[in-house]
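Please treat every number below as a calculation from the coordinates, not as lab data. These numbers come from a predicted model, not from an experiment. As a convention, Cβ positions derive from the backbone with ideal geometry for all residues, glycine included, and neighbour counts pool all protein chains shown.
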Amino acid sequence: MNLDYSLLIPEYLLAALAAVVIALGLYDTRRARTYLPYVSAGGLAAILVVSLFYINKGPLDFAGLVQIDNYTTFFRVLFIGITAVVCLASAHFVRDRLRHAGEYYGLLILSTIGAIYMAAGRELITAYIAMELLSFSLYVLVSFAKMDAKSNEGGMKYMLLGAFSSALFLYGLSLIYGVAGSTSYADINAALSNGVGDFGIAMLMGLVLIIAGIGFKVSAVPFHMWAPDAYEGAPLPITAYLSAASKAAGVALLLRLFTEAFLPVLSDWRWMIAALAAASMTLGNLVAIQQHNIKRLLAYSSIGQAGFMLMGIAALSEMAASTLVLHLTGYVITNLAAFVVVIAFYNASGKDEIADYRGLAERAPFLALSLTVALFSLAGMPLFAGFATKFLLFQAVAKEGLLWLAALAVVNSLISLYYYLLVIKQMYVGETEEKVRLRVPAGVNAVIVALVIGVFVVGLYPQPLFKATDNAVHAVFPTTAAKQAHDTGSSPSESPLPGR
């Protein structure tokens, strides 16, 4: 058993940073809301640099629980970067509208540890504990605006449904353990490859429950009911964090789990993931058309985006997995760009209805242009990140025989363009009586500029990022025996599930 604690240095540093931030918030309650976002972001930037030293180090496992490889390193960098951006975007919002800044930023940083271990875990109990660390932090953060009834309502719904989904995941875990005799991904893979006799129904039920539990985290239909209310009620920076970090963590867990543990029975669960993908992208995009609140619109947009990401899990070839991580990264950059603009507009105006964006091109032309770029990217328009990443992902999914799913995704991308254009129409065509220009702090403008540049870089020159995602996915993709099972669409030996 490898107990090399140096493998976990970034997480130790994150825990220490969270403790320091909380202590500063308790010690200096008046001024903390002013400087804590920059202390948090600066500390996260330093930890991100430390995480880069683990590139091409491994694969090494810690106590058989956590795998340190390029996949873990990639998501370490991604999650830490997301949290740093959200901390900076929270600066003026927290200062003006929230109390207990130390706890706010401390919980954000602690939740990052849970997200990282969801990607790094190599056995089910570790993944479950990591998922709960992320979830419990988010339960508190969603309802952090204690005086806001919507925040309390959204937090309560999120917590109740989250507890239910965690119970489903845990029950599914117990069924998998009963069949395979282990919670280790490698041992589950070996058990499935060797056949599990008459326990096929138990294995199938375990898979269904685990998919349901993780489906909640990525807000996939029909496990999406919490998303619109939580997105609308949560403090705006937390809505941004939910849409980026929570979804990315769920996808990272799904990808490692299904490549390392459940690939031998690919044909038995592929239809479930494909059905979830089709339902999520269709319902999310259709219902988004009816929304009047920008946060609810982006909530249903994220549900549709979850459907696009689940296509990569359903295809599950090495190319599909690589393009999935590429698309996930492009989505995170784009969605953060959209939300930072929405946060800046809300800080300046106190409004979050789509109709309130009328005439924004006159009052804040840079905000209007940046939001337009982000929305066009989410829709998959050329020149932007969404086009390049969706094109590669849809192509990889079609090559795996899921042409119908790729075609449905193209149709849904066109539907999404319609409701994104409705927002753009308000900004550039709509007229408003308010002519006062909105003032946006220079720091927020700098964050928006960096994210918009990222959208164009990924859209116009995705090759470096694609190499990074390919290198990351190669670390978790299965052995030759499992690849052979994938190519044939069945396990190398007796199928563990009935009807095969």
Collect residues whose amide H, placed 1.01 Å from N in the peptide plane, falls under 5 Å from the amide H of GLU123; neighbours closer than 5 in sequence don't count. TYR185
Take SER174, project a point 7 Å from its Cα along the Cβ direction, then tell me which residues of region 197-224 have their backbone nitrogen under 19 Å from it. 199-214
For region 352-357, just list the computed ³J(HN,Hα) in residue order, Karplus coefficients 6.51, -1.76 and 1.60, θ = phi - 60°, integers in Hz, with x standing in for Gly and Pro. 9, 8, 4, 5, 6, 7
Report Rg (one decimal) and Dmax (nearest whole number) for region 254-363, counting Cα atoms only, units Å. 17.5, 57
How much FRET efficiency would the formula 1/(1 + (r/R0)^6) give for ALA15 and LEU160, where r is the Cβ-Cβ distance and R0 is 35 Å, rounded to 0.05? 0.80
With Cα coordinates, the longest principal axis of the chain makes an angle with the long axis of helix 124-142, in degrees rounded to 10, of 20
With Rg and the Kirkwood Rh both taken from Cα atoms, where does Rg over Rh land for the chain? 0.96
When you count, for each residue, the other Cβ atoms within 10 Å and take the mean per peptide, how do 49-58, 165-174, 372-381 rank with the highest first? 372-381, 165-174, 49-58
So what are the three principal axis dimensions of region 311-356 from its Cα atoms, in whole Å, longest to shortest? 47, 16, 10
Peptides 185-193, 78-86 ordered by average Cβ neighbours within 10 Å, highest first: 78-86, 185-193
Relative contact order for the chain, counting Cα pairs under 8 Å that sit 6 or more residues apart, in percent: 16
Ranked LYS247, LYS157, LYS435, criterion: other C-beta atoms within 10 Å, fewest first: LYS435, LYS157, LYS247
Helix 32-52 versus the longest principal axis of the chain: what angle, 0 to 90°, nearest 10, using Cα atoms? 40
Which entries of LYS57/LYS217; LYS150/LYS295; LYS390/LYS467; LYS217/LYS425; LYS150/LYS435; LYS57/LYS467 show an alpha-carbon separation above 22 angstrom in the structure shown? LYS57/LYS217; LYS217/LYS425; LYS150/LYS435
Which angle from 0 to 90°, rounded to the nearest 10, does the C-alpha axis of helix 403-428 make with the longest principal axis of the chain? 10
Using the Cα centre of the chain as the reference point, and only Cβ charges (+1 on K/R, -1 on D/E), how large is the resulting charge dipole? Debye, rounded to the nearest 20. 1160
